[in-house]
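Please read the structure below before turning to the comments.
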Amino acid sequence: MKFVSVLPALCLIAAPALADEGSNTSSPPAATAGDADTLAAALALFDGQDVDGQLLASALHMAKASMEADMESLKAKGIDMPQSLTERLSALIYEETKLMVEQMAPTFRQDAAAIYARYFTAEELRELKRLQEHPVMKKMEGLAPSLMAELSKIGMRAAAERMPEIERKSQELVEQWLSDESMAEAGPNT
């Protein structure tokens, strides 16, 4: 039962929470209410697009790629996951990913448009819309979920290789914190 201790990390890594909150790049200032034209141009990027379908396909591809990378990592550590457990985990991740996409779908266009509006001017967004109509861009849009899943495997493999060190350091940190907390509760020796 050696694999049980890695299940929480496996599930955490497999979740398609792809936002990079710790990035060093600073976001431009948020669009203001006066930027209605910019927001409208950003929303126009989604016209004629199967945004919900693309969102679901991308999330499912990412979840599958993450799960495959995790399985490879476990196998490299000599941990063989039983097929029945792998199948159940895959089904769980699949269902949770679908639910996550369903939950965010009602506001996704507006949320995504607000992000685009922070990074691009209205004129730039109209140019992006024009470029979307190019046949090569249409091909890219169709391939994007698969490309993103394959490209993400590069980072996932690196993360999986670092996981033992992260787990060790996390364990040390928690033990030190617990020790510090215990000493603080005990108060000063008098």
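What single numbered condition from (1) touching a Phe, Trp or Tyr at 6+ places or on another chain (Cβ under 9 Å); (2) of a type outside the set (D, E, K, R); (3) surrounded by 11 or more Cβ atoms within 10 Å (Cβ to Cβ); (4) at pLDDT 85 or above fails to hold for residue 104?
If we test residue 104 against (1) touching a Phe, Trp or Tyr at 6+ places or on another chain (Cβ under 9 Å); (2) of a type outside the set (D, E, K, R); (3) surrounded by 11 or more Cβ atoms within 10 Å (Cβ to Cβ); (4) at pLDDT 85 or above, just (1) comes out false.
So if I check each of 66, 84, 90, which one is loosely packed, with under 15 Cβ neighbours inside 10 Å and among the small types (Gly, Ala, Ser)?
Values: 66 fails: loosely packed, with under 15 Cβ neighbours inside 10 Å; 90 fails: loosely packed, with under 15 Cβ neighbours inside 10 Å.
Going through 66, 84, 90 in turn, just one is loosely packed, with under 15 Cβ neighbours inside 10 Å and among the small types (Gly, Ala, Ser): 84.
Within segment 136-190, restricting attention to residues that are of a type in the set (Asp, Glu) and surrounded by 10 or more Cβ atoms within 10 Å (Cβ to Cβ), which residue is nearest to residue 59 (Cα to Cα)? Before the answer, list the steps.
Kept after step one, since they are of a type in the set (Asp, Glu), are these residues of segment 136-190: 141, 150, 161, 165, 167, 172, 175, 180-181, 185.
Within this subset, residues satisfying the condition of being surrounded by 10 or more Cβ atoms within 10 Å (Cβ to Cβ) are 141, 150, 161, 167, 172, 175, 180-181.
Working: 141: 14, 150: 13, 161: 23, 167: 26, 172: 34, 175: 35, 180: 41, 181: 40 Å.
Filtering first and then ranking leaves 150.
Of all residues in segment 22-39 being at pLDDT 85 or above and more than 17 Å from residue 108 (Cβ to Cβ), which is surrounded by the fewest Cβ atoms within 10 Å (Cβ to Cβ)? Break it down into steps so the answer makes sense when it comes.
Our first condition is that a residue be at pLDDT 85 or above; within segment 22-39, this holds for 35-39.
If we keep only those that are more than 17 Å from residue 108 (Cβ to Cβ) too, we end up with 35-38.
Details: 35: 17, 36: 12, 37: 14, 38: 23.
So the residue we want is 36.
Taking residue 55 as the residue in question, decide whether it is within 13 Å of the chain's Cα centre (by Cα), modelled with pLDDT under 90 and in a loop (DSSP other than H, G, I, E, B).
On the way: within 13 Å of the chain's Cα centre (by Cα): yes; modelled with pLDDT under 90: yes; in a loop (DSSP other than H, G, I, E, B): no.
So residue 55 fails the test.
So which residues in segment 32-52 are part of a helix (DSSP H, G or I) and more than 19 Å from residue 123 (Cα to Cα), if there are any at all?
51, 52
The values are calculated or read from the model by the stated rules, or taken from the named source; none is laboratory data. None of these values were measured; they are calculated from a predicted model. Virtual Cβ from ideal backbone geometry, glycine too; neighbours counted across all protein chains shown.
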